[in-house]
Every structure is written in C-alpha cells, then in structure tokens.
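The values are calculated or read from the model by the stated rules, or taken from the named source; none is laboratory data. These numbers were taken from a predicted model, which means no experiment stands behind them. Heads up, the Cβs are rebuilt from the backbone with ideal geometry, glycines too, and the neighbour counts pull from every protein chain shown. Calculation scope for accessible area: heavy atoms of the full protein, side chains included, ligands and nucleic acids excluded. Shrake-Rupley method; radii C 1.70, N 1.55, O 1.52, S 1.80 Å.
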Amino acid sequence: MGAEEDRGKKGHSEKKNKRKQEKEQEELHKLEEMRERLIRGLELHGTDEKVLKAMLRVPRHVFVPKYAKKGAYIDTPLEIGFGQTISAPHMVAIMCDLLELSEGLKVLEIGAGSGYNAAVMGELVGKSGHVYTVERIESLVDFARENLKKAGYENVTVLLDDGSMGYPKYAPYDRIVVTCAAPDIPEPLLEQLKPGGIMIIPVGDYIQELIRIKKDSEGNIHEEKRGGVVFVPMFGRHGFPRN
C-alpha cells in the first residue's frame with residue numbers, strides 16, 4: 001500500500017510539473033508573438049532593419065521587474081524602481097539608429113538601468129565588440145548584471161560609478177550613448193569619444209533635446225539636434241544638483 005501511495009504521489013507530482021512546464025512554454029510563446037508585433041510596429045518609424053533584427057533577438061521581458069512583465073512589449077517606458085525607467089522600444093531603436101552601430105565597435109553607455117539598451121547594442125556590435133555601461137545605483141547594477149547573464153550576453157560589462165565622468169579606463173570609445181538628461185554635454189564624455197566617433201545625449205531640464213555629436217578626425221565637435229525627448233535626469237559631478 002505504501003509503494004502504491006508513493007507511485008501515486010510521484011505520478012501526481014509529474015503531472016503537476018508537466019502542466020507547469022506547458023504553462024511556461026505557452027507564456028513564452030505569447031511573449032515572443034508580442035515581441036514580433038512590437039518590432040513590426042517599429043518598422044513604421046523607418047528603423048534600420050539590422051536594429052529591428054537585433055531588438056527581435058533581445059527578450060525585453062527578461063529586463064523588466066516581474067510585475068511589469070505583461071507590459072514588456074508595449075511601446076512605452078516602464079518603471080524599474082529607484083525613480084528610473086527602461087526606455088520605450090521606439091526610443092531604443094532611434095538611439096541605436098543614430099549611433100550607426102556595427103560589428104567590433106567599443107561602446108560606452110551612461111545609465112545601465114535594467115541592461116536592456118546595452119543588450120540591444122551588444123547584439124549590434126557582436127562578439128568582436130564590447131559595451132561598457134555605467135550605472136550609479138548599486139541595486140540596478142546588480143539587476144542589470146543578473147538580467148544580462150540570464151539573457152546570455154558576455155560582451156556587456158556593467159560598472160558602478162559616476163557616469164557623468166564617463167569611464168576613462170577603457171577610453172577612447174567608438175560610440176557613447178547617454179540614457180539620462182544632462183544639463184550640458186559633459187566634457188569628460190567628449191574627451192573619451194574617439195576621433196570619428198558618435199555620441200547621442202539628451203540635454204536639458206524640463207525641455208530636453210536629443211543631441212547627436214560627431215567628432216571629426218581632427219577632434220572638432222559637430223552637434224546636430226534630433227528632436228524633443230523626455231529622460232530621467234543625470235546626477236553626478238557633471239549632472240544636475242540633487243535637491
């Protein structure tokens with residue numbers, strides 16, 4: 001009788017695990033379908049095809065808190081805690097487009113957040129390239145590292161530091177992208193940008209402008225305004241003062 005009870009319990013447990021696995025697979029399939037619909041929608045913005053393909057390969061639902069998972073493939077920013085957000089997919093697409101990312105480039109990102117933007121850039125620079133992303137909030141550094149590990153990205157390094165100072169250790173960079181609004185363009189970032197490099201940064205307080213910067217071969221800086229945006233503020237030595 002005892003052996004029969006054990007077999008019954010084992011069978012019940014196996015069925016329960018099977019149902020759980022089936023439910024997880026069904027949920028994953030739904031998320032993949034939602035991601036595909038989102039990316040098809042971004043095509044209407046005229047986003048470069050290689051950026052869309054990169055975003056299609058990145059599971060955004062891995063980079064959001066559990067409570068926000070159902071909204072992972074809605075084209076909107078999402079709260080990730082500590083007053084920070086994960087950028088809307090269309091904004092990630094726009095910034096990656098403007099950066100003109102390609103295989104083998106070395107990229108510096110200021111504001112790692114959950115690691116999603118860095119993952120998309122990691123796809124675009126490939127295994128021969130690398131993304132260094134700096135975050136000032138230690139809990140988000142841990143969150144981003146965990147997410148990137150889950151998603152399998154080995155060409156992205158998350159660093160805890162004052163991003164307004166850039167990260168001179170690995171400079172100069174082919175590309176620099178800033179995912180928080182600065183009061184002005186920080187001089188250290190301009191210095192760490194390689195000649196021929198491109199930087200994207202939102203500048204301004206209540207009214208922000210997305211600025212695309214190109215440094216020519218002689219080190220001259222050329223700025224181009226690319227429209228109004230809304231980002232969380234940059235803090236640090238070259239950021240906004242804390243209240």
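Might you check whether a residue that is farther than 20 Å from L159 by Cβ and either at pLDDT 95 or above or in contact with a strand residue (DSSP E or B) (Cβ under 8 Å, 6 or more places away or on another chain) (or both) occurs anywhere in the stretch 103-114? Yes - at least one qualifying residue is present in the stretch 103-114.
Which of the residues that make up the stretch 193-238 are of a type in the set (A, V, I, L, M) and under 21 Å from P168 (Cβ atoms)? Selection gives L193, I198, M199, I200, I201, I213, I221, M234. Residues in the stretch 47-79 that are open to solvent by less than 60 Å² (accessible area, probe 1.4 Å) and farther than 19 Å from L31 by Cα were compared, and the one that is nearest to the chain's Cα centre (by Cα) is V51.
Could you check the stretch 114-222 for helices (runs of 4 or more DSSP H) lying wholly inside it with 3 or more residues that are touching a residue at least 24 places away in the same chain (Cβ under 8 Å), open to solvent by less than 10 Å² (accessible area, probe 1.4 Å) and small (G, A, S)?
Correct list: 116-125.
Hey, any hits in the stretch 47-59 for a residue that's of a type in the set (V, I, T) and in a helix (DSSP H, G or I)? Yes; the residues of the stretch 47-59 include at least one that is of a type in the set (V, I, T) and in a helix (DSSP H, G or I).
Scanning the stretch 87-113 for residues that are open to solvent by less than 10 Å² (accessible area, probe 1.4 Å) and of a type in the set (V, I, T) returns V92, V107, I110.
Restricting attention to the stretch 213-241, the residues that are over 19 Å from A88 (Cα atoms), touching a strand residue (DSSP E or B) at 6+ places or on another chain (Cβ under 6 Å) and charged (D, E, K, R) add up to 5.
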